[in-house]
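Visitor: What follows is a single structure, and I will ask about it in a moment.
A short reminder: the numbers here are calculations on the coordinates, not readings from a lab. Quick caveat, the model's predicted, so the values are computed rather than measured. Note: ideal-geometry Cβ built from the backbone for every residue, glycine included; neighbour counts use all protein chains shown.
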Amino acid sequence: MTRKIHVVIGILMTTCIMGGGGREGARANDLLITHRLPAALALEAVSEAVNDCARKGYAVTAVVVDSDGVRQASLRGDRAGVHTADSAYGKAYTAVSLAPISHLDSSAEAAKTFLANPAAASLQHVPNILLLGGGLTILAGDEVIGAIGVGGAPGGMLDEACARTALDKIRPRIN
């Protein structure tokens, strides 16, 4: 008798797990689908950004984050200061978290927008937010799938130029 009960329970559990158990079972159309860069592309992007800045004489760090702001790839260039790792991450985090709110594509645009509004300017006190240029969102179509941040050049516009060069290189392979 015990064996039969275990078999019936096993069948019921399998049915529920596979979606046949009614609304309680997870269904594929109830799940969110998210995308992120493959590791190889994230690594290529940070490498290209650091190398582009190095060719221009700037020692920088580049960081790619996914859409949740989690570091996916990071590269600290030769002679880049210790602060550049946090700076690059803050710019990428800012781009991925704030820029999409206002349909912007960079930490520089987010800084301009949010610092102009005294109430929104308080966002600069949120951990990991860095309202400076150098971070760019990474899009697959209209979906924000991550961001790249660069820190260490003498100015956010210069950091952003290196980030943009990196994105331009990998963009054709982002589906």
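Visitor: Taking 7 Å along the Cα-to-C-beta vector as the label spot, tell me the residue 102-residue 29 distance in nanometres, rounded to one decimal.
Guide: My value for the distance between the label points is 3.8 nm.
Visitor: On to the next question. For the range 39-173, what size does the Cα cloud have along each of its three principal axes, sorted from largest down, in whole Å?
Guide: In descending order, the Cα extents are 39, 32, 21 Å.
Visitor: Another question, then. Please list, ordered by chain and number, the residues whose modelled amide H lies under 5 Å from the amide H of residue 106; skip anything fewer than 5 residues away on the same chain.
Guide: Under 5 Å from the amide H of residue 106 lie the amide H atoms of 137, each far enough along the sequence or on another chain.
Visitor: Within 10 Å, count the other beta carbons around each residue, average over each peptide in 115-128, 97-110, 60-73, and list them highest first.
Guide: Details: 115-128: 11.1, 97-110: 20.4, 60-73: 23.1.
Averaged packing, sorted descending, gives the order 60-73, 97-110, 115-128.
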